[in-house]
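The values are calculated or read from the model by the stated rules, or taken from the named source; none is laboratory data. Since the structure is predicted, the reported quantities are computational estimates derived from the model, not experimental observations. Using ideal geometry, Cβ is built from the backbone for each residue, glycine included, and neighbour counts are taken over all protein chains shown.
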Amino acid sequence: MVDFSFTEEQELFRKSLREWTQRSLPLERIREIDRKGEIPKEIVKEMADIGLLIMTAPEEHGGVGADWVTTCIAAEELGYADISIGIPVLFLVEASWGYVVDKYCTPKIREEVIKKAIQGEAFIGIASTESGGGSDVASFKTTARKEGNEWVLNGEKIYISGTEEARKWGGGFFVIARTSPAPPGAAHKGMTAFYVPANADGVEISKRFEEMGRMAISTGAILMQDVKVPEENVIGEVDKGFYLTMEGFDCARVLIGATCLGAAQRALEIGIDYIKQRKAFGRAIGKFEGIQFELADNWAMLQALRSLVYRTAWMMDVRHKQGKFSALEVAKYISACKLLVPMFTFEVFKHVMLWMGAYGYTKECPLEMGLRGVMSYCIGAEGTANIQRIIIGRELLGKEFIPYK
């Protein structure tokens, strides 16, 4: 039997989270947060109090041990509440990359950093992108060499979310660096993951970039010059950090899909309210087929993509609990989520704004926040659309069909 229902606990979780977002994150406050460019610390504390921060960490590590379906519910509800995508970025970065750090880090890092991040007293982010490569992780230039009981890192990471948050709150980043020469034809080997504190000697955080959207969370660059970290800061095994990076991307991509589902749902609801009230030529514009058919198409596609996202999250949970699916099989579906949902959500915002005419082009209309925010996921945060196509094509045709090999 196929059962598409959520558990009673998951339904109650969604209901309670919706109630919290309605109280604490009304659209008027989201607009204020987007304008000021900073998530209020009391919101972060409330998120911690209700178990949202790194909710994927097991209970024995201080988290709530949420599965991926439940975590997607949280991402969808946060996307529905904060259509600017700022607060959802904070949530999903920590739920995915905080999860990977917690899963593979040493007890010392878990005790000193992860537990603080779960309590909202530190930030855990991902620092992978470099100026010469974003999705091409294997070509990164950042290096780490062993000196006694320490590793010395040199390199630069750019377009990193949460740089100011990590500097102000404490915490740091999952950093991937080359530790051994890559064997011929295997550029992804010889890379190691490290936890690098934002306040470590030799770490320089650049001035905040002025992005067009998701204004509530900072984006910057990290320069590392002879940054020394102890052996305890190695995440996982030496020379096998590439695989942990791919695991983090997979976790983040499905949560991006869920976030965008929530934002698209909210945009459609705002649009429905508008076209039922706005009149032209003596009738509500929702009666015109040009608008009504577009609404119907958007709604139908939203239901299809919601099924894709939650089926993918279910596959992740089944793989974790039962080992039923291979990592590559699940990755194919994860890439489908990242490929389709952000661009669809961008189109939904665009359609609704066009229904609204001149009003849709003003700052009074909340949808412009969503258009700006969702664009970051269309452009490439956590992997470009073409990278997702390459992953899907690789699994359908075989590795020999990877275009860059």
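State which residue pairs qualify: first residue closer than 20 Å to PHE242 by Cβ and in contact (Cβ under 8 Å) with a residue 24 or more places away in the chain and inside the range 107-129, second residue part of a strand (DSSP E or B) and of a type in the set (Gly, Ala, Ser) in any location, beta carbons under 6 Å apart, and separation of 6 or more residues or different chains.
Listed pairs, sorted by first residue: ILE124/GLY171; GLY125/SER161.
Condition first: surrounded by 16 or more Cβ atoms within 10 Å (Cβ to Cβ), in contact with a strand residue (DSSP E or B) (Cβ under 8 Å, 6 or more places away or on another chain) and farther than 23 Å from THR345 by Cα. Can you find one or more residues in the range 3-25 that meet it?
No, that holds for no residue.
Is there any pair with a first residue in the range 40-60 that is within 13 Å of SER96 (Cβ to Cβ) and a second that is of a type in the set (D, E, K, R) and outside any loop (DSSP other than H, G, I, E, B) whose Cβ atoms are under 7 Å apart and which are 6 or more apart or on different chains, and what are they?
Going by the 7 Å Cβ cut-off, the qualifying pairs are LEU53/GLU94; ILE54/GLU94; ILE54/ASP102; ALA57/ASP102.
Across the range 203-222, what is the number of residues that are free of Cβ contacts under 8 Å to residues at least 40 places away in the same chain and in a loop (DSSP other than H, G, I, E, B)?
Going through the range 203-222 one residue at a time, the tally reaches 2.
Hey, any hits in the range 291-313 for a residue that's closer than 29 Å to GLY383 by Cα, outside the structural domain of THR56 (by TED's automatic domain parsing) and of a type in the set (Val, Ile, Thr)?
Taking every residue of the range 291-313 in turn, at least one turns out to be closer than 29 Å to GLY383 by Cα, outside the structural domain of THR56 (by TED's automatic domain parsing) and of a type in the set (Val, Ile, Thr).
Filter the range 155-191 down to the residues that are of a type in the set (Asp, Glu) and outside any strand (DSSP E or B), then identify the one that is surrounded by the most Cβ atoms within 10 Å (Cβ to Cβ).
Among residues in the range 155-191 that are of a type in the set (Asp, Glu) and outside any strand (DSSP E or B), the one surrounded by the most Cβ atoms within 10 Å (Cβ to Cβ) is GLU165.
What's the total number of residues in the range 348-389 that are surrounded by fewer than 18 Cβ atoms within 10 Å (Cβ to Cβ), out of contact with any helix residue (DSSP H, G or I) (no Cβ under 6 Å at 6 or more places or on another chain) and hydrophobic (A, V, I, L, M, F, W, C)?
3
Identify, please: which residue in the range 193-206 is of a type outside the set (Asp, Glu) and out of contact with any Phe, Trp or Tyr (no Cβ under 8 Å at 6 or more places or on another chain) and is, among those, nearest to PHE123 (Cα to Cα)?
Result: PRO197.
Condition (residue is in contact with a Phe, Trp or Tyr (Cβ under 9 Å, 6 or more places away or on another chain), surrounded by 21 or more Cβ atoms within 10 Å (Cβ to Cβ) and assigned to a helix (DSSP H, G or I)) applied to the range 223-240: is it met by at least one residue?
Yes, the conditions are met somewhere in the range 223-240.
Quick test for you: out of ILE39, ILE85, pick the one residue that is in contact with a Ser or Thr (Cβ under 9 Å, 6 or more places away or on another chain) and not acidic (Asp, Glu).
ILE85
Among all residue pairs at least 6 apart or on different chains, which show Cβ distances below 8 Å where the first residue, located in the range 4-28, is without any contact (Cβ under 8 Å) to a residue 40 or more places away in the chain and the second is surrounded by 10 or more Cβ atoms within 10 Å (Cβ to Cβ) and not in a helix (DSSP H, G or I)?
Hits for this filter: SER16/ILE50; TRP20/ILE50.
How do the helices (runs of 4 or more DSSP H) wholly within the range 33-107 filter down when requiring 3 or more residues that are closer than 18 Å to HIS320 by Cα: which remain?
Where helices (runs of 4 or more DSSP H) fall fully within the range 33-107 and carry at least 3 residues being closer than 18 Å to HIS320 by Cα, they are 68-81, 99-104.
Could you grab me the full set of residues in the range 95-110 that are farther than 15 Å from THR70 by Cα and not basic (Lys, Arg)?
Selection gives TRP97, GLY98, VAL100, VAL101, ASP102, TYR104, CYS105, THR106, PRO107, ILE109.
Would you confirm whether or not the range 108-115 contains a residue that is part of a helix (DSSP H, G or I), closer than 30 Å to GLY190 by Cβ and either touching a Pro at 6+ places or on another chain (Cβ under 9 Å) or in the same structural domain as PHE349 (by TED's automatic domain parsing) (or both)?
Looking through the range 108-115, at least one residue is part of a helix (DSSP H, G or I), closer than 30 Å to GLY190 by Cβ and either touching a Pro at 6+ places or on another chain (Cβ under 9 Å) or in the same structural domain as PHE349 (by TED's automatic domain parsing) (or both).
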